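A short worksheet on the structure shown next.
The values are calculated or read from the model by the stated rules, or taken from the named source; none is laboratory data. As the structure is a computational prediction, the values presented were derived from the model and not from experiment. Cβ atoms come from the backbone with ideal geometry, glycine included; neighbour counts cover every protein chain shown. Side chains included, ligands, DNA and RNA excluded: accessible areas come from the protein's heavy atoms. Shrake-Rupley method; radii C 1.70, N 1.55, O 1.52, S 1.80 Å.
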Amino acid sequence: MSPKSNKVENASVETSRHARYVEPSYETTNAAGLDLSCLGPATVALHADDPLNVVADVAPPIHVATTFRYPHDPAQLRPLYDRPEPYVLDPTEHVYSRATTHNSSRLEAILGALLHNDSLVYSSGLSAGHALMTVVNPGKISIGAGYHGFHATIGLHQRLAGSTVLPLDCKPEELGEGDLIWLETPVNPTGLAFNIQHLADKAHSRGAYLAVDSTFAPPPLQDPFEQGADFVMHSGTKYIGGHSDLLCGVLSAKDKSWYKRLYSDRLVMGNVVGGLESWLAVRSLRTLELRITRESASAQHLVQALHGALMGQATVKGLAACDIHIVRRVVKEVQHASLQTQDRQDWLDKQMPNGFGPVFSITMQEEEDARKFPSKLQLYHHATSLGGVESLIEWRYMTDNTVDKDLLRLSIGVENVNDLLADLLQGFRQLVKEKV
Ligand SMILES: *Cc1c(COP(=O)(O)O)cnc(C)c1O
């Protein structure tokens, strides 16, 4: 079962010998003869897994088996070691749940179609990132601000593989063959965006790769592959799960040979997602587009109102004159990718044609107000994480000591946007009242 060689150069990494190799064909036609490439993401999310539906149930059943019976007919028995390499299991032929399960194969079929390349699901976002670091094994990794947990994952690779870390704006000459640029966009915790194509060109000019953590902009907001990315990662815990009730990570690769190596690695790393989580995630993907477009539009509406007040506009949609005054008393700055488009950044409209994401940040005039504000709200839970149907706010210093203490991160859910704005305003009002 253990690989003879796990060298990256070896495209046919030997793995479990479990299965016959079948090219996954998510993007083409499904069993019902649907050409998924002509369908919108909302339809794809409901039908990409149709060919893997082995029962008459309309809603997918929960499968919890860890092991699966071999064919009864002895003539159909195909011993593991008699199969051609490389080993990628047919998503309908289940042997053992560290390789595939009914629910995780359905999840991967949908994600492959939505992300436009074959996708693998992991036990968490960080384990997906870790899998990428392990398979690429870059000598140098260029990375900027972003999710603090992934910087710790890189620390692990510095320890194990001696990789060096460079800033995101390093000179192209500092990168070499097989190195990696890791870009998170929009970035945690501010929600500001970076130019994917620019960094893809920089990586490729040196024979390096670009991986994009696209957690803050799931489909249909952003397709990093279209902007030149080689790998796309999502913390599926956030928008793909969408209901704050499951942990998973997603990794998608442009090049089929990388996908196969990742598949092989996952089998021996064992960082797979569970059947129950996969079932929850399939349930969630059915409404991905509905949720994301609504949450993103609501975030932009709130950002515009608060930013409009800060910019001294005499009238702001949804705000009374006294509200404008209150916002200016306590808020210092609002950050979100939607505000970047005002600088006529054409690349951003191209990169995020369907909205700028449901997360934004607020900087308060006073640190103490950032600490107090979440407790004044009724509709936002004060909690870490993001991406659920319920709106969250976090005094970000609670879990990330790399950010300033005056920063609040908001993750907008599917509540009525006027209610969400009114709650923020009444919270600001309470803060002001306490000052007099
Ligand atoms: C949450 C998050 C991660 C880590 O994902 P987990 O599922 O918690 O392991 C990575 N990147 C971003 C941008 C995140 O928000």
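Observations, loosely collected:
- Test: residue in region 252-263 that is in contact with a helix residue (DSSP H, G or I) (Cβ under 9 Å, 6 or more places away or on another chain), assigned to a strand (DSSP E or B), aliphatic (A, V, I, L, M) and buried (at least 24 other Cβ atoms within 10 Å of the Cβ): yes
- Number of positions in region 272-294 that are part of a loop (DSSP other than H, G, I, E, B), closer than 25 Å to residue 229 by Cβ and open to solvent by 20 Å² or more (accessible area, probe 1.4 Å): 0
- Residue within region 380-388 that is in contact with a helix residue (DSSP H, G or I) (Cβ under 6 Å, 6 or more places away or on another chain) and touching a residue at least 24 places away in the same chain (Cβ under 8 Å) present: no
- Residue match in region 356-376 (condition: open to solvent by 50 Å² or more (accessible area, probe 1.4 Å) and closer than 17 Å to residue 302 by Cα): no
- Of everything in region 134-147 that is open to solvent by 60 Å² or more (accessible area, probe 1.4 Å) and at pLDDT below 95, the residue that is farthest from residue 260 (Cα to Cα) is 145.
- Taken over region 119-133, the residue count meeting the criterion of being open to solvent by less than 10 Å² (accessible area, probe 1.4 Å) and in contact (Cβ under 8 Å) with a residue 60 or more places away in the chain is 9.
- Comparison of 376, 433 shows that the only residue that is among the charged types (D, E, K, R) and without any contact (Cβ under 8 Å) to a residue 24 or more places away in the chain is 433.
- Single residue of region 200-214 satisfying the filter (away from the ligand (no atom under 16 Å from the Cβ) and closer than 16 Å to residue 350 by Cβ) that is most open to solvent (accessible area, probe 1.4 Å): 201
- Qualifying residue in region 75-83 (condition: in a loop (DSSP other than H, G, I, E, B) and either closer than 19 Å to residue 123 by Cβ or open to solvent by less than 40 Å² (accessible area, probe 1.4 Å) (or both)): yes
- Qualifying position, being of a type in the set (D, E, K, R), out of contact with any Leu (no Cβ under 7 Å at 6 or more places or on another chain) and free of Cβ contacts under 8 Å to residues at least 24 places away in the same chain, among 82, 49: 82
- Evaluation of residue 339 against (1) in contact with a His (Cβ under 8 Å, 6 or more places away or on another chain); (2) open to solvent by less than 20 Å² (accessible area, probe 1.4 Å) (one fails), failing number: (2)
- Members of region 276-321 found to be closer than 23 Å to residue 419 by Cβ and either aromatic (Phe, Trp, Tyr) or in contact with a strand residue (DSSP E or B) (Cβ under 7 Å, 6 or more places away or on another chain) (or both), listed by number: 299, 303, 305, 306, 307, 308, 309, 310
- Lone unmet requirement of (1) open to solvent by less than 10 Å² (accessible area, probe 1.4 Å); (2) more than 11 Å from the ligand (Cβ to nearest atom); (3) not in a loop (DSSP other than H, G, I, E, B) for residue 225: (1)
- If you check 250, 282 for being at pLDDT 95 or above and within 11 Å of the ligand (Cβ to nearest atom), only one passes: 250.
- Annotation: of all residues in region 295-325 being of a type in the set (S, T, N, Q) and closer than 26 Å to residue 220 by Cβ, the one that is most open to solvent (accessible area, probe 1.4 Å) is 304.
- Qualifying residue in region 92-104 (condition: hydrophobic (A, V, I, L, M, F, W, C) and buried (at least 22 other Cβ atoms within 10 Å of the Cβ)): yes
- Qualifying residue in region 235-248 (condition: acidic (Asp, Glu), assigned to a loop (DSSP other than H, G, I, E, B), open to solvent by 30 Å² or more (accessible area, probe 1.4 Å) and under 26 Å from residue 286 (Cα atoms)): yes
- Checking each residue of region 167-180 against the condition of being within 15 Å of the chain's Cα centre (by Cα), surrounded by fewer than 20 Cβ atoms within 10 Å (Cβ to Cβ) and not charged (D, E, K, R) gives no match.
- Residue in region 112-134 that is away from the ligand (no atom under 16 Å from the Cβ), more than 22 Å from the chain's Cα centre (by Cα) and not acidic (Asp, Glu) present: no
- When residue 153 is tested against (1) over 14 Å from residue 273 (Cα atoms); (2) open to solvent by 10 Å² or more (accessible area, probe 1.4 Å); (3) more than 16 Å from the ligand (Cβ to nearest atom), only condition (3) is not met.
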